[in-house]
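Colleague: Take this structure, written in structure tokens, and hold onto it; I'll ask about it next.
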Amino acid sequence: MLPLNATELLALKNIIDSRQPNHGLPSQFYHDELLYRAEMEYIWRQGWLFAGHSCQIPNPGDYFLYEIEGDSIIVMRGDDRQVNALYNVCCHRGSVICKDSEGSLKRFICPYHQWTYDRNGRLLLHHGMQAGLDESTLGLHRVHAREVEGMLFISLAEQPTNFDPVYATIAPVARPQGMARARVARIMDFDVASNWKLVWENNRECYHCNVNHPQYIKANFDHYNADDTIPRVTERLKAVTTRLEAKLAAQGMSVRNETGMTEFPDPEHGIWYAANRTPLVEGYVSETLDGKQVAPLMGDYTDPDVGTLRVRTLPNFWVHASCDHSVAVRLTPNGLTHTNIRMIWLVDSQAEAGRDYDLEKLLPFWLLTAEQDWAICVNQQRGVSSHAYTPGPLSTYKEYNLDRFLRWYLQEMITALGI
Ligand code: FES
Ligand SMILES: [Fe+2]
């Protein structure tokens, strides 16, 4: 899309300037093609994206594809066991090489004229071609990839932002969960008819939880805010947090005692990644319908009473993890009004379905909560598409994180566009 001409820049500036402080976004943010292309270019192609879990590709040659914005990326474990990310595009005449969305390969053989690449993307064979080709310039194009405690991130940027602070923030908090020593219990894909920002806006507030998430609110405290937390709830939260703090400190973990959702992101400091642990309601040791453990303990845990681990990175990822399972959510925009959403349930690597866990008990808590959220997002997309839509004010008690997300988003766009 680059470079933008002056008229296009002005059009984008007008949209970005149209948001009133502490209000939702005007309709154009969800319907303007040029803005969408700018978001893809500056936020999605420049940022770090969660692609999947390392346990999806345990052995050299295992791969899965991540399809994003017209690009197909092969995420593969190489012979040295490192994770490589490569564009799924042949260097001869551009055919896609891998057609299956996941699998295991010794070599990449292009289906068109059978040029053959090794697992690191180096060109090995090109029968029928004249002598003298410089194979070193004809390898598969690489994508930056980093692994953090079983979570795989890629960046399509030529020079991505420094990932080290992200690693330093997330790794120590996520390590006890053992997502690197896990197995996939279930992957589910959803096509949600909603702009990707609406999905985040919904994720960043629990104003909607009381009525829309009857299961979630039984297990968690974060739907209580400064305006509606009665003393009895404050006492319960304090008691469970104090008890858990003492217990976890001995294991090198910590929980935070706070009312409402943990503040995230931090637009003033450009912080788009976070990891923390929060207490569950007394009596809950897992985010399951009855709060009971439903699978073997994961990672380093020796006791189910560890609250929940939450990791989130903009623009496309969050994970909620209990003592016995984790549930990752990966967002991928699919045009202005659709978002592809993948959910990945992990359990301990030794756990066997049927013997150690039962999907009927493992899935419902987050599947119900997610489907409730996706329905909300679709409703909102329909509403913001109406001629009658005007953005209303946000609750400073309950939508502070939504406002933080919008300010982060606007700041990213303003900086990238230089406006
Ligand atoms: S396009 Fe791949 S070998 Fe020709
Ligand atoms: Fe929700």
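The values are calculated or read from the model by the stated rules, or taken from the named source; none is laboratory data. In this text, all values refer to a predicted model and were calculated from it rather than measured experimentally. Virtual Cβ from ideal backbone geometry, glycine too; neighbours counted across all protein chains shown. Just so you know, the surface numbers come from the protein's heavy atoms only, side chains and all, with ligands and any DNA or RNA stripped out. Shrake-Rupley method; radii C 1.70, N 1.55, O 1.52, S 1.80 Å.
Colleague: Would you check if Pro172 is surrounded by fewer than 20 Cβ atoms within 10 Å (Cβ to Cβ) and under 29 Å from Ile97 (Cα atoms)?
Modeller: In short, no.
Colleague: Now, a different point. For region 226-263, name all the residues that are of a type in the set (D, E, K, R) and assigned to a helix (DSSP H, G or I).
Modeller: Hits for region 226-263 are Arg232, Glu235, Arg236, Lys238, Arg243, Glu245, Lys247.
Colleague: Sticking with this one: From the list Val240, Val192, which residue is within 17 Å of the chain's Cα centre (by Cα) and either buried (at least 19 other Cβ atoms within 10 Å of the Cβ) or of a type in the set (D, E, K, R) (or both)?
Modeller: Val192
Colleague: (1) within 16 Å of ligand 2 (Cβ to nearest atom); (2) open to solvent by 70 Å² or more (accessible area, probe 1.4 Å); (3) under 22 Å from Tyr42 (Cβ atoms): which one isn't true of Arg407, the others all being true?
Modeller: (1)
Colleague: Within region 117-132, is there a residue that is among the polar types (S, T, N, Q), over 29 Å from Leu368 (Cα atoms) and surrounded by fewer than 21 Cβ atoms within 10 Å (Cβ to Cβ)?
Modeller: The answer is yes, given that some residue of region 117-132 is among the polar types (S, T, N, Q), over 29 Å from Leu368 (Cα atoms) and surrounded by fewer than 21 Cβ atoms within 10 Å (Cβ to Cβ).
Colleague: Quick one: is Arg342 closer than 15 Å to Met188 by Cα, touching an Asp or Glu at 6+ places or on another chain (Cβ under 6 Å) and away from ligand 1 (no atom under 16 Å from the Cβ)?
Modeller: In short, yes.
Colleague: Please specify each residue of region 215-232 satisfying the condition of being surrounded by 14 or more Cβ atoms within 10 Å (Cβ to Cβ) and of a type in the set (A, V, I, L, M, F, W, C).
Modeller: Passing the criteria: Ile217, Ala219, Phe221.
Colleague: Further, regarding this structure: Please verify whether Gly78 is under 27 Å from Asp348 (Cβ atoms) and either in contact with a strand residue (DSSP E or B) (Cβ under 7 Å, 6 or more places away or on another chain) or away from ligand 1 (no atom under 16 Å from the Cβ) (or both), treating the condition exactly as stated.
Modeller: Yes.
Colleague: Would you pick out the residues in region 63-73 that are surrounded by fewer than 17 Cβ atoms within 10 Å (Cβ to Cβ) and either touching a residue at least 24 places away in the same chain (Cβ under 8 Å) or within 20 Å of Asp348 (Cα to Cα) (or both)?
Modeller: Glu67, Glu69, Asp71 - these are the residues of region 63-73 that are surrounded by fewer than 17 Cβ atoms within 10 Å (Cβ to Cβ) and either touching a residue at least 24 places away in the same chain (Cβ under 8 Å) or within 20 Å of Asp348 (Cα to Cα) (or both).
Colleague: What is the number of the single condition among (1) more than 16 Å from ligand 2 (Cβ to nearest atom); (2) closer than 30 Å to Gln381 by Cα; (3) of a type in the set (A, V, I, L, M); (4) open to solvent by 10 Å² or more (accessible area, probe 1.4 Å) that Val211 does not meet?
Modeller: Result: Val211 fails condition (1) only.
Colleague: Just to be sure I understand, how many residues within region 338-355 are buried (at least 17 other Cβ atoms within 10 Å of the Cβ) and charged (D, E, K, R)?
Modeller: 2
Colleague: Counting residues that are of a type in the set (Val, Ile, Thr) and modelled with pLDDT of 95 or more, which strands (runs of 3 or more DSSP E) fully inside region 120-208 reach at least 3?
Modeller: Answer list for region 120-208: 182-192.
Colleague: Give me a count of the residues in region 297-324 that are in contact with a strand residue (DSSP E or B) (Cβ under 6 Å, 6 or more places away or on another chain) and open to solvent by 40 Å² or more (accessible area, probe 1.4 Å).
Modeller: The qualifying residues number 0.
Every residue, every condition in (1) closer than 30 Å to Leu336 by Cβ; (2) part of a loop (DSSP other than H, G, I, E, B); (3) of a type in the set (Asp, Glu); (4) in contact with a Lys or Arg (Cβ under 7 Å, 6 or more places away or on another chain), yes or no:
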residue: Phe50; (1), (2), (3), (4): yes, no, no, yes
residue: Pro60; (1), (2), (3), (4): no, yes, no, yes
residue: Tyr66; (1), (2), (3), (4): yes, no, no, no
residue: Arg81; (1), (2), (3), (4): no, yes, no, no
residue: His92; (1), (2), (3), (4): no, yes, no, no
residue: Lys99; (1), (2), (3), (4): yes, yes, no, no
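Colleague: Oh, and also: Looking at Tyr117, Tyr42, Tyr63, Tyr112, which is the one that is among the hydroxyl-bearing types (Ser, Thr, Tyr) and under 30 Å from Ala11 (Cα atoms)?
Modeller: So the residue among Tyr117, Tyr42, Tyr63, Tyr112 that is among the hydroxyl-bearing types (Ser, Thr, Tyr) and under 30 Å from Ala11 (Cα atoms) is Tyr42.
Colleague: Right, here's the next one. Name the residues in region 9-27 that are closer than 16 Å to Glu39 by Cα and either open to solvent by less than 20 Å² (accessible area, probe 1.4 Å) or touching a Cys at 6+ places or on another chain (Cβ under 8 Å) (or both), would you?
Modeller: Within region 9-27, Leu12, Ile15, Ile16, Leu25 meet the criteria.
Colleague: Checking the structure you have, find out if any residue of region 95-112 is acidic (Asp, Glu) and at pLDDT 95 or above.
Modeller: yes
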